[in-house]
1. Buried (at least 19 other Cβ atoms within 10 Å of the Cβ), modelled with pLDDT of 95 or more and touching a Leu at 6+ places or on another chain (Cβ under 7 Å): does that describe residue 295?
2. Cβ-Cβ distance below 8 Å, separation of 6 or more or different chains: which pairs start in region 162-189 with a residue that is at pLDDT below 90 and end on one that is aromatic (Phe, Trp, Tyr) and surrounded by 22 or more Cβ atoms within 10 Å (Cβ to Cβ)?
3. Checking residue 181 against (1) over 16 Å from the mean Cα position of the chain (by Cα); (2) within 26 Å of residue 129 (Cβ to Cβ); (3) of a type outside the set (Ser, Thr, Tyr), which single condition isn't satisfied?
4. Could you grab me the full set of residues in region 191-213 that are modelled with pLDDT of 95 or more, small (Gly, Ala, Ser) and part of a strand (DSSP E or B)?
5. Taking the criterion of being polar (S, T, N, Q) and over 25 Å from residue 154 (Cβ atoms), would at least one residue in region 73-87 satisfy it?
6. Just to check your reading of the model, which residue among 182, 255, 173, 229 is surrounded by 17 or more Cβ atoms within 10 Å (Cβ to Cβ) and outside any strand (DSSP E or B)?
7. Which numbered condition in (1) of a type in the set (A, V, I, L, M, F, W, C); (2) out of contact with any strand residue (DSSP E or B) (no Cβ under 7 Å at 6 or more places or on another chain); (3) more than 20 Å from residue 47 (Cβ to Cβ) is the only one that residue 145 fails?
8. Is region 143-157 home to any residue that is out of contact with any Gly (no Cβ under 6 Å at 6 or more places or on another chain), closer than 28 Å to residue 209 by Cα and not hydrophobic (A, V, I, L, M, F, W, C)?
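The values are calculated or read from the model by the stated rules, or taken from the named source; none is laboratory data. Given the structure is predicted, the values throughout are model-derived calculations rather than measurements. In this analysis, Cβ positions are derived from the backbone assuming ideal geometry, glycine residues included, and neighbour counts consider all displayed protein chains.
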Amino acid sequence: MRKRFLSLFACVLLFASCKENHALVSLTISPPSADSVYQGSVDAAQVHNILVEEFTGASCPNCPAGHAALAALKLQYGNTLHILGIHPHDTLFAQAFPQPGAQYDFRTKIGYALEINVFGGLNFMPSAGVDRVLYSGGLLLDRNLWGAAIGARSTDQSSPVNLTVSSSYNPATDTAATIAATIKYVSTVSPGQNLSIAIVEDSLVDAQDSVGISIPNYVFNNVFRDMVTSGNPTSGDPLLASHSSITAGTVNIRTYFYKVNQGAPNFNNNVHVPQHCRVIAFVTDNTTHAVLQSAECPLVN
């Protein structure tokens, strides 16, 4: 192993069926068109979901073992574990590069911004952050610590927010994807929470180094492709920042649009086969960057 972010949704989210469309497409973000706020009942806190941000690369010989470790943990934790497989566009970190002769470049500039601004840079691959909190003295962990760190976060019930996310997709319109996140406060807090929404893609086939051997038809899953939220890509969009206090029962629904264009995978983080994509939303604390809650859904329902 080598060192080194329509219409107004008032209270109800609408889930829509989607047509089949298997073309590669590029999803271009538009700013949110709706920011609905209302007072609802005070709910019990959700089970805490865990966000893993894995830094990986197609030229990293030990990264397939990291993918396998996370796949096993996903089987264990099911829908409570959400994985971003980030290929950072780090031009100084050779393990992030595509393999020679690769069709695609899964690296993203946003991934590199996350690497630097959230985690302070890479020392090795594969490495992963769990809910952006320290474990065993570090933010980025070797794979032998991932299971213990995920287990520790799975018991956390201190989040002030519940979170759900939905996506509607209609390839027949210019605005083809509408993504809505519902944030419901279960305790009274001061403002200082941010929302991030990411797109990940499964079933991307290309070359991968595996302990020095190039596998030409390796299947990449959980590949981070883009950040939906329109603010700072590493911190997300502020929630209810103008409020002096956010009372328990407050509901904030944020709605985002996408336009769909033809494209091919590259480091501009803009290409998706919609049926292979998932939406991962997460709320973070603006001061500590810790993930308070996460949620996911298919891009195409």
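1. In short, yes.
2. Every condition considered, the pairs that remain are 175/258; 176/169; 176/258; 177/169; 177/258.
3. Every listed condition holds for residue 181 apart from (1).
4. 196, 207, 210, listed by residue number.
5. Looking through region 73-87, none of the residues is polar (S, T, N, Q) and over 25 Å from residue 154 (Cβ atoms).
6. Just one listed residue meets the conditions, 229.
7. With (1) of a type in the set (A, V, I, L, M, F, W, C); (2) out of contact with any strand residue (DSSP E or B) (no Cβ under 7 Å at 6 or more places or on another chain); (3) more than 20 Å from residue 47 (Cβ to Cβ) applied to residue 145, the lone miss is (2).
8. yes
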